[in-house]
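Just below is one structure, and these are the notes that go with it.
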Amino acid sequence: MNLNDKARLIQDIQRTLKTIDNKTLPLIEQAKAAHHLKNILTDCKKDIAQQEYINQSVEQDFQKDVVQCLHLSKFKKTYRGVFHERSFLLQGLNEDAEQGWAILYDQTLKQWQIWVIPQALKGAIHCSWKSSLVDAYRWLLQQQQLLNCLINDVEYSQKTLQQESYTVIHLFDQEGLLTHLHIQPTLYRIDFMETNPQQPYVEWFTQTKNLSQIQNCHVYIAEKLSQNFEFLGYMVLIGTPDREKMVDLVSSYCKKFAVKINSVKTLTLDRLLSCIHQLDRLFECYKTARPIIPSRYNVEFIPKALLSKLNLVTIQEAPATKQTPVILLKEQQSYRIMHGKNRLQLATQEDFLPYKLFTRQQGMSWQKFQDILHTLPEPVSADTLQKVLSQQ
């Protein structure tokens, strides 16, 4: 349904509601209007159910292709993820500018591209749009033969083993103590004592005391929330061999301490430690890390201190709740609030806020925001604005 159809539907509903509420009309007219409204709602539910079924089917087929491709690949360690937008893909590749590859999928055209960094610190190259992921991956293998731009998983593990070994041993032997949390599977909290390589918003956990196991494992980082949808901090989990074990540990932790997990990502330990001392770098580090489990609420969280205090837009906003995101426009290094005045008023005790971000790389600008806002009836809700912006 396009915007014109939605506008006509809203007008139809408004006229129908006025008829129902008009006590001066005959009862038969009010009954007809009530029946008409019921038919509208029934048709809407059918459309939503049909669209959800289609989306689920497409998503399952799409994920199946990606899983099959990665299962056969020898370059899983340098894989940065699958993306639907070019700007997010480039952010994922820039997480490690030395090497890497990623998948771009156009959900509308149902076509694929693979992007790869051909040389360290050089811009990414990509294949033309392919009708199948197999054809796109075949192009990647051809580039590998020509440029030798990726190291395989065995070479990657050997290369990083020595660096990660030193870093982890240094953390445990010189700066940390392990506290058993008495949950199953076994989980320890790492309490650092000396240089404290963390923000107050970061807690470190591991499932094992065996350093040889930790050296070859992923580093997972998750956004931790209270039951009231307030950001509590980042949960860093090291020493976990795979995604399934990570999910078990996080689930047990949430049940034990009555918290929620919003989203989970993965990155290298060295990358995390390089940004752990500065809040803005920690946020950017998490924002560009490779997604493992997407947000249950379709938002992530930003430090309130990073938001620009310059008010660019004056509109009447709909009431906000804790789950209402602030809608931001990134211009250069500034995060400008386009919608979120009411949400900020609720955040007197919060250091992080849920957000949805739009950028100039996505074709968004302050003027375009203004033009779109002027087409919407006030008060404007964050949900309505977000849906309209996503269609641009």
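Brief remarks on what is shown
- Complete set of residues in the range 76-94 that are over 17 Å from G123 (Cα atoms) and part of a helix (DSSP H, G or I): K76, K77
- Test: residue in the range 237-260 that is farther than 16 Å from T206 by Cβ and open to solvent by less than 10 Å² (accessible area, probe 1.4 Å): no
- The set of residues from the range 100-118 being open to solvent by less than 20 Å² (accessible area, probe 1.4 Å) and under 26 Å from Q158 (Cβ atoms) comprises G100, W101, A102, I103, I114, W115, V116, I117.
- Residue match in the range 378-390 (condition: open to solvent by less than 90 Å² (accessible area, probe 1.4 Å), under 21 Å from K287 (Cα atoms), free of Cβ contacts under 8 Å to residues at least 40 places away in the same chain and not aromatic (F, W, Y)): yes
- A single entry from F229, F205 fulfils the requirement of being at pLDDT 80 or above and within 17 Å of D270 (Cα to Cα): F205.
- Residue count for the range 25-55, restricted to those that are open to solvent by less than 90 Å² (accessible area, probe 1.4 Å), of a type in the set (D, E, K, R) and modelled with pLDDT of 75 or more: 1
- Residue match in the range 144-167 (condition: modelled with pLDDT under 60, assigned to a helix (DSSP H, G or I) and of a type in the set (A, V, I, L, M)): yes
- The set of residues from the range 287-304 being touching a Leu at 6+ places or on another chain (Cβ under 9 Å) and among the basic types (K, R) comprises K287, R290, K304.
- Of the strands (runs of 3 or more DSSP E) lying entirely inside the range 254-321, those containing at least 3 residues that are over 16 Å from D351 (Cβ atoms) and within 15 Å of the chain's Cα centre (by Cα) span 260-267, 290-293.
- Here is the figure for the range 323-376: residues that are within 20 Å of N298 (Cα to Cα) and of a type in the set (G, A, S) total 2.
- Candidates are the residues of the range 324-359 that are part of a helix (DSSP H, G or I) and open to solvent by 10 Å² or more (accessible area, probe 1.4 Å); the one that is nearest to L232 (Cα to Cα) is L344.
- Count - residues of the range 274-311 that are over 18 Å from V202 (Cβ atoms) and open to solvent by 40 Å² or more (accessible area, probe 1.4 Å): 10
- Selection status of D135, modelled with pLDDT of 75 or more and among the acidic types (D, E): yes
- Residues satisfying the stated conditions in the range 216-236, i.e. part of a loop (DSSP other than H, G, I, E, B), under 21 Å from S157 (Cβ atoms) and open to solvent by less than 30 Å² (accessible area, probe 1.4 Å): C217
The values are calculated or read from the model by the stated rules, or taken from the named source; none is laboratory data. Owing to the predicted nature of the structure, the values given are computational and were not obtained by experimental measurement. Positions of Cβ are generated from backbone atoms using ideal geometry, with glycine treated the same way; all protein chains shown enter the neighbour counts. These accessible areas exclude ligands, DNA and RNA; they are computed on the full protein's heavy atoms, side chains included. Shrake-Rupley method; radii C 1.70, N 1.55, O 1.52, S 1.80 Å.
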